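> Below is one structure. I have some questions about it.
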Amino acid sequence: MNSIELKSRAKINLSIDVLGKREDGYHLVEMIMQTIDLYDIIKIKELCTDDIIIKSNSKDVPLDDSNIVYKAIKLLQGKFNINKGIEVFIQKNIPIAAGMAGGSSNAAAVLVGLNKIWNLNLEQEDLQKIGFLLGADVPYCISGKAAIASGVGEKLTYIKGLPHNVSILVCKPNLFVSTKEVYEGLDLNNIQSRPNNKNLINYLEKEDIESVAKYMVNVLESVTGKRHEEIEDIEEIMMNNNALGSMMSGSGPTVFGLFKNEEDALKGKEDLLKKYEQVYVVKSSEKGVEVNG
């Protein structure tokens with residue numbers, strides 16, 4: 001096998017709590033993540049030369065060694081002493097710098113794809129350990145599904161996720177938010193409202209989506225929301241279209257809403273498209289990285 005195509009899925013957060021900060025600067029978190037059926041297509045092929053070439057349909061994707069995909073290739077090459085060249089084409093559908101783990105998901109897809117191309121025979125857990133060296137979200141993006149993540153995001157406990165009959169309206173305003181700056185802007189001693197993740201997991205178990213939607217909390221929204229009024233605006237439009245609840249994902253600026261009724265979600269999409277360009281109606285997914293074909 002010298003080429004492979006994969007789906008690389010986005011995630012949303014149904015909660016984010018920040019519990020403290022380690023001495024190395026990483027924040028300790030406890031958050032519920034859910035993969036959704038919004039994905040990039042990653043095409044990987046082996047080259048006759050030893051070059052690493054990254055291409056994309058998006059002008060916002062870096063094509064040099066600053067791209068996490070490039071780092072993923074280098075990491076596997078170094079670990080397994082491989083000097084074969086690789087070309088990766090990233091067909092972007094997930095909004096960039098959006099709080100949806102698009103970059104981490106692309107890196108996850110490259111690890112899964114190269115594991116097959118290079119016949120490394122690594123198990124999912126091995127790939128997740130390697131993925132963690134690239135970023136805290138990468139292990140989760142490999143597996144997908146719904147999980148509660150703790151530590152710096154690398155400790156995963158899989159849970160029952162959103163049912164398929166829930167429509168998820170996703171909107172990314174035309175802003176770029178720095179995750180690092182958002183975490184630095186959070187006053188750990190002064191967090192007003194925190195999620196109760198035990199309760200949220202219980203509501204998910206019972207498929208009580210009204211309660212999930214009502215009690216979702218993202219502590220980072222207190223930082224990003226103050227800086228960008230678009231977040232509140234998007235949430236308001238979603239709630240006016242009968243969303244059960246609406247919240248920012250990750251460090252932002254993407255906002256999502258949960259809907260019982262797909263027609264309401266589509267109506268919300270129509271209203272949002274009058275002001276914002278990147279708007280999607282999707283469902284939850286039980287998958288992370290998936291090999292196409």
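> Taking amide H atoms as placed 1.01 Å from N in the peptide plane, list the residues 5 or more away in sequence, or in a different chain, whose amide H sits under 5 Å from that of residue 52.
For residue 52, the qualifying residues are 86.
> If you take the square roots of the eigenvalues of the alpha-carbon gyration tensor of region 53-154 and sort them as a ≥ b ≥ c, do you get rounded (a/c under 1.5), prolate (a/b over b/c) or oblate?
Oblate shape, in that a/c is at least 1.5 and b/c is the bigger or equal ratio.
> Let me ask you something else. Going by the alpha-carbon gyration tensor, a ≥ b ≥ c the square roots of its eigenvalues, is region 167-282 rounded (a/c under 1.5) or, if a/c is not under 1.5, prolate (a/b greater than b/c) versus oblate?
oblate
> Largest first and to the nearest Å, give the Cα extent of the chain along each principal axis.
Reported extents, whole Å, longest axis first: 56, 43, 36.
> Also: Using the Cα centre of region 3-159 as the reference point, and only Cβ charges (+1 on K/R, -1 on D/E), how large is the resulting charge dipole? Debye, rounded to the nearest 20.
It works out to roughly 220 debye.
> Enumerate by residue number the GluC sites (Glu not before Pro) in region 1-57 meeting two conditions: DSSP loop (anything except H, G, I, E, B), and at most 11 other Cβ atoms within 10 Å of the site's Cβ. Could you put the intermediate results ahead of the total?
Details: sites: 5, 23, 30, 46; in loops: 23.
Listed in order of number, the matching sites are 23.
> Let me ask another. How big is the charge dipole of the chain about its Cα centre, in debye rounded to the nearest 20, if each Lys and Arg gets +1 on its Cβ and each Asp and Glu gets -1 on its Cβ? If you can, show how the numbers build up before the last one.
Values: 34 positive and 41 negative charges, 106 e Å.
The calculation lands at about 500 debye.
> How tilted is helix 262-273 with respect to the longest principal axis of the chain? Cα atoms for both, answer in degrees (0 to 90, nearest 10).
With rounding to tens, the tilt is 80 degrees.
> Which of 106, 177, 220 sits farthest toward the positive end of the charge dipole of the chain, with +1 on the Cβ of Lys and Arg and -1 on the Cβ of Asp and Glu?
Towards the positive end, the residue furthest out is 106.
> Something else: What does the charge count around residue 5 come to, taking other residues whose C-beta lies under 13 Å from its C-beta (Lys +1, Arg +1, Asp -1, Glu -1)?
After counting each charged neighbour, the total is +1.
> Based on the Cβ-Cβ distance from residue 50 to residue 91, what FRET efficiency comes out when R0 is 22 Å, to the nearest 0.05?
Efficiency computed from Cβ-Cβ geometry: 0.35.
> Moving to a separate point now. Please state the shape class of region 90-137: rounded when a/c is under 1.5, otherwise prolate if a/b exceeds b/c and oblate if not, all from the C-alpha gyration tensor.
Because a/c hits 1.5 or more and a/b fails to exceed b/c, region 90-137 counts as oblate.
> Using Cβ contacts closer than 10 Å as the measure, can you line up 230, 263 from fewest to most? Display every interim value, and only then the final one.
Values: 230 20, 263 11.
So the ranking, lowest neighbour count to highest, is 263, 230.
> Projecting each Cα onto the charge dipole of region 244-293 (Lys/Arg +1, Asp/Glu -1 at the beta carbon, about the Cα centre), which of 289, 279, 246 comes out farthest on the positive side?
246
> For the chain, what is the mean residue ellipticity at 222 nm derived from helices alone (per DSSP H run of n ≥ 4: -39500 (n - 2.57); sum divided by total residues; nearest 500 deg cm²/dmol)? Please report the intermediate quantities before stating the final value.
Details: 10 runs with 96 residues, N = 293.
Rounded to the nearest 500, the figure is -9500 deg cm²/dmol.
> Exposure proxy check: 224, 49 ranked by fewest other beta carbons within 10 Å?
Going from least to most buried by this count: 49, 224.
> In whole Å, how far is the Cα centre of region 183-261 from that of region 266-286?
17 Å
> While we're on this one: Take the residue pairs 116/160; 59/155; 21/43; 198/260; 11/214 and return only those whose Cα atoms are more than 27 Å apart. List each step's numbers first, then the result.
Values: 116/160 29 Å; 59/155 34 Å; 21/43 37 Å; 198/260 23 Å; 11/214 19 Å.
Violating the 27 Å limit, Cα to Cα: 116/160; 59/155; 21/43.
> Among 170, 18, which comes first, second and so on when ranked by fewest other beta-carbon atoms within 10 Å?
18, 170
> If you add up the charges near residue 259, with Lys and Arg at +1 and Asp and Glu at -1, over every other residue whose beta carbon is less than 12 angstrom from its beta carbon, what do you get?
Summing Lys and Arg as +1 and Asp and Glu as -1 gives 0.
Bear in mind that the values in this text are calculations on the coordinates, not laboratory data. All values derive from a computational prediction rather than experimental measurement. In this analysis, Cβ positions are derived from the backbone assuming ideal geometry, glycine residues included, and neighbour counts consider all displayed protein chains.
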